[in-house]
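The values are calculated or read from the model by the stated rules, or taken from the named source; none is laboratory data. Computed from a prediction, not measured in an experiment: that's the story for all the values here. All Cβ positions, even for glycine, are placed from backbone atoms using ideal geometry, and neighbour counts span all protein chains on display.
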Amino acid sequence: MGKLSATLAHEIRNPLSALKLNLNYLKMSEEEFDPEVIECLNSCVEAADRIQDLIENTLEFSRTPTKDEKEISINEISIQAVDILTGTAKKKNIGIISELSETIPMVLINKNKILQVFINLITNAIDASDKNSMITLRSYLNSKKDVIFEIEDKGVGISEEAKEKIFTDFYTNKRNGTGLGLSVCKKLLEESKCEISFESEENNGTKFRILFPKIITI
């Protein structure tokens, strides 16, 4: 099933790229269209982006783990993730506050894997948040000198029942969700020897916390 899913996702991605290219080309001339046409065009772009997310999650879930680890700044990856998601946050007028420590050391990780984790978790925080709310990102050293990164929202929170299932494959509370986002995050972090945990209170927000492994020097 994994091989079949990966094959289908790969084959869908090629024609989808052509669709997105043409939609973006049309958007370059959207000032020439009626408001109804622009609304339809934007809806198509959002749908294509949604399909792209589904494909990337499916491919990542079935992909063979790769090392490709380098000493990287967690803060830099965080800033890159925020840049990517700025447009998504603005649609709900959600602010993203970064409280990043300048004294944390570099960590030995695969940058692309951690970037995907940050994007997934911040996207979840945006989805869970009401309009005009705030999301806070933090990096710091704990008492054991471990590098910690947190993503905190003031959104709907996680029910007690869901807390036991959120990292389970295909479990989701979202109407259009696949249930792969958090399971992919957990898988990628485990491959990078990272630990993920969370605190949540229903209707009062959620905080995800990632602990990064120390770089061992000899």
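Among residues of the stretch 140-169 that are touching a residue at least 24 places away in the same chain (Cβ under 8 Å) and surrounded by fewer than 17 Cβ atoms within 10 Å (Cβ to Cβ), those with a Cβ under 6 angstrom from a residue that is in a loop (DSSP other than H, G, I, E, B) and among the charged types (D, E, K, R), sequence gap 6+ or separate chain, pair up as Ser159/Glu202. Within the stretch 177-190, restricting attention to residues that are outside any loop (DSSP other than H, G, I, E, B) and at pLDDT below 85, the residue that is surrounded by the fewest Cβ atoms within 10 Å (Cβ to Cβ) is Ser183. Scanning the stretch 117-135 for residues that are in a strand (DSSP E or B) and buried (at least 17 other Cβ atoms within 10 Å of the Cβ) gives a single hit, Ile135.
Taking Val117, is it more than 19 Å from Glu202 (Cα to Cα), at pLDDT 80 or above, touching a Leu at 6+ places or on another chain (Cβ under 6 Å) and not assigned by TED's automatic domain parsing to the domain that holds Arg50? Against the criterion (more than 19 Å from Glu202 (Cα to Cα), at pLDDT 80 or above, touching a Leu at 6+ places or on another chain (Cβ under 6 Å) and not assigned by TED's automatic domain parsing to the domain that holds Arg50), Val117 qualifies.
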